[in-house]
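To keep things clear, I will list the structure first and then write my remarks on it.
The values are calculated or read from the model by the stated rules, or taken from the named source; none is laboratory data. Please read these numbers as outputs of a predicted model, since none were measured by experiment. Heads up, the Cβs are rebuilt from the backbone with ideal geometry, glycines too, and the neighbour counts pull from every protein chain shown. SASA here: full protein model, heavy atoms, side chains in, ligands and nucleic acids out. Shrake-Rupley method; radii C 1.70, N 1.55, O 1.52, S 1.80 Å.
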Amino acid sequence: MSPAIEVTDLRKVFRVRERPKGLRGTLRYLVSPPTRDVAAVDGVSFRIEPGERVAFVGPNGAGKSTTIKMLAGILHPTDGIARVLGFVPWTERKRLAYRIGTVFGQRTQLWYHLPAKDTFALLARVYDQDEATHRRRLGDLVDAFAVGKLLDTPVRQLSLGERMRCEIVASLLHAPQVLFLDEPTIGLDVTAKATIRDLVRDTSRRDGSTVLLTSHDTGDMERVCDRVLVIHDGRLLLDRPIADLRRTYIRRKVVTLLTADERISLALPGVTVTETAPHRTVLEVDVEKTPIEAVVQAALHASRLRDLTVEDPPMEEIVQAIYASAS
Amino acid sequence: MRYLGALLLTNLKASVALRGAFWARAVFMALNNGIMLVLWMLFFLRYRDVNGWRAADTVAIYAVTATAYGLAVILGHGVTDLARRIHEGGLDAFLTQPKDVLLQCVASKSEASGWGDLLSGVVLFAVAGHLAPATLPVCIVTAVSGAAIFLSWNVMFHSLAFWLGDTTTVSRQAIHFVLLFSLYPSTIFGGWLKLLLFTALPAGFIGYLPVDLLHRFSWGSLLAVAAAAVGYVALAALVFRLGLRRYQSGSRFA
């Protein structure tokens, strides 16, 4: 079977204008600014099979968005080869566009002053969909994403989570075979994040579509994807199944307990106290040794809980750990 | 065509979505045009003509230019966001869709004040007696070609953002420059300046030549106006296409 996405030695170099210091430097910048080349993506290669859900993760500026933009036909690479569904994205952009869907977390494709249903109707024309197909597909997606009540509300009046659900419906209307999601949960609250993750995963399973998702939120890759590509400084650092990553790099969670008692003591394997203050205890939990559920139960026995948060380690920490082990 | 129709319909729906703002902008623009014309009429009450340019010519030039500008901003006000979109990466959404990027961007916004311009233009055409069957086709051709030239001029200046960074302010000044020269009595210009109005500045094709056509029809002038519109559209599309290769999607490295 031919791959959904195949990338070989992809490079993107941006020319950066540098602003020198001082008055002389500023005047020189106005006339002839000094420049230097920065490789945002530096020889990345990978292959994604149809139906795979892959997380493309890394810290800010790692090159993940630049890669996804080249694969979506938005940017021309400096060097290298890429094929998405057999098309070279930057030379066959329009033909490829019928087969891919994109969501850029910080940009919208919905018409701001109009209800989402107007954008959906326009997208039917953009993708040359006939009326019956459009109606059927929209009906399915409206049910799956529970956006029926939002269809008549102007987009400007939707919450960020509601807007993002509509954004994803818009990107799925033409039944794309590959879905590119660039930070789809950025800025969302915990509940909205969980909803979006479940919907993306379930839609991909149902449609058999390939997902390439960029994020610096570990939760996105854990809950949506089966495989993870870690990129750092424009280079691919790691390509592993998500289960491997979970065993090695994201087995630790940070649990913060707010308790009625001033102090709480938990003696559980793999649980260490990293911070204490009156009524507040921060634990680092190795979930391979003690699952979160057991930690919560033990905490409930030890004291009355006022609040509890469970956090993933930040992406920067994970990448640092991977980088350390790789070198 | 079905796509273009749907795009324009969505665009118009968006412009009337805020009803109060829509009416205020449209009415104030019509009033603004009316006041400017009254000032000109007061001028012509005192001075009969300017190098042979009379009050009727000013009514005609306001009719043509206002209609053309109104059409341009009703149908293609998205062009005013083009430089910013280029600079900040706002073309991404258009680039991932299987339709022409420039067309999508230009037609992505409508400006309500355009309806005020369009209304003033049509009323002035009627007042000047140009909506008669013999001259109506000329009114339509010159308004459409004028709108195409306004939009192309805007696209060219906004597309400079691919090379120079955000050129929104320069583009705004450039379009006001053309608008200004399109509305002035063309008889006050001569020699090199007149040549300029038919070459580097497209004002002669928006105002002067259409007025001449309305008063003294000739197939040659009609062809020149239509050819200028096609030429400017082609040039604008070429500049945009050349620039698009340099698009960096608002990358922080740009």
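For the reader, a short list of remarks on this structure follows.
- Region A:237-266 and region B:118-176 have Cα centres spaced 62 Å apart.
- The protein assembly as shown - Rg (one decimal) and Dmax (whole number), Cα, Å: 29.7, 101
- The local environment of A:LEU123, defined by Cβ-Cβ distances under 14 Å, has a net charge of +1 under the rule Lys, Arg +1 and Asp, Glu -1.
- Charge context of A:ARG240, other residues only, Cβ under 12 angstrom, K/R +1, D/E -1: 0
- Annotation: per residue accessible area for chain A equals 47 Å², rounded to a whole number [probe 1.4 Å, protein chains only].
- Amide H partners (placed H, <5 Å) of A:ILE231, local residues excluded: A:VAL57, A:GLY58, A:LEU237
- Note that region B:2-244 presents 45 Å² accessible area per residue, ligands and nucleic acids not counted, probe 1.4 Å.
- Residues in region B:63-100 that, when all protein chains are in place, have 40 Å² or more less accessible area than the chain alone would give (probe 1.4 Å): B:ASP92, B:LEU95, B:THR96, B:GLN97, B:PRO98, B:LYS99
- Expressed as a whole percent, the accessible surface of region A:38-101 that belongs to carbon and sulfur atoms is 46, based on a 1.4 Å probe.
- Accessible area buried at the B-A interface, both sides summed, 1.4 Å probe (Å², nearest 100): 2900 Å²
- Out-of-range pairs (alpha-carbon distance over 22 Å; input A:LYS12/A:LYS64; A:LYS149/A:LYS193; A:LYS193/B:LYS13; B:LYS109/B:LYS194; A:LYS117/A:LYS149; A:LYS117/B:LYS109): A:LYS193/B:LYS13; B:LYS109/B:LYS194
- Reach of A:LYS289 by Cα under 17 Å, taken over lysines that are not fewer than 8 positions away in the same chain: A:LYS253
- Taking amide H atoms as placed 1.01 Å from N in the peptide plane, the amide H of A:ASP182 lies under 5 Å from those of A:VAL103, A:PHE104, A:GLY105, A:THR214, each 5 or more residues away in sequence or on another chain.
- Karplus-derived 3J(HN,Hα), 6.51/-1.76/1.60, for each residue of region B:84-89, Hz, glycine and proline x: 5, 4, 4, 5, 9, x
- For chain A, the fraction of alpha-carbon pairs in successive 20 Å shells from zero, as %: 27, 49, 23, 1
- Heavy-atom accessible surface of region B:2-244: percent carbon and sulfur, 1.4 Å: 72 percent
- 3J(HN,Hα) along region B:34-48: x, 5, 4, 5, 4, 4, 5, 5, 4, 5, 6, 5, 8, 10, 5 Hz, from the Karplus curve 6.51 cos²θ - 1.76 cosθ + 1.60 with θ = phi - 60°, whole Hz, x for Gly and Pro.
- In order along region A:139-154, phi translates into HN-Hα couplings of x, 4, 5, 4, 5, 5, 9, 6, 10, x, 6, 9, 4, 9, 8, x Hz, rounded to whole numbers, per the Karplus curve 6.51 cos²θ - 1.76 cosθ + 1.60 with θ = phi - 60° and x for Gly and Pro.
- Charge context of A:VAL147, other residues only, Cβ under 11 angstrom, K/R +1, D/E -1: 0
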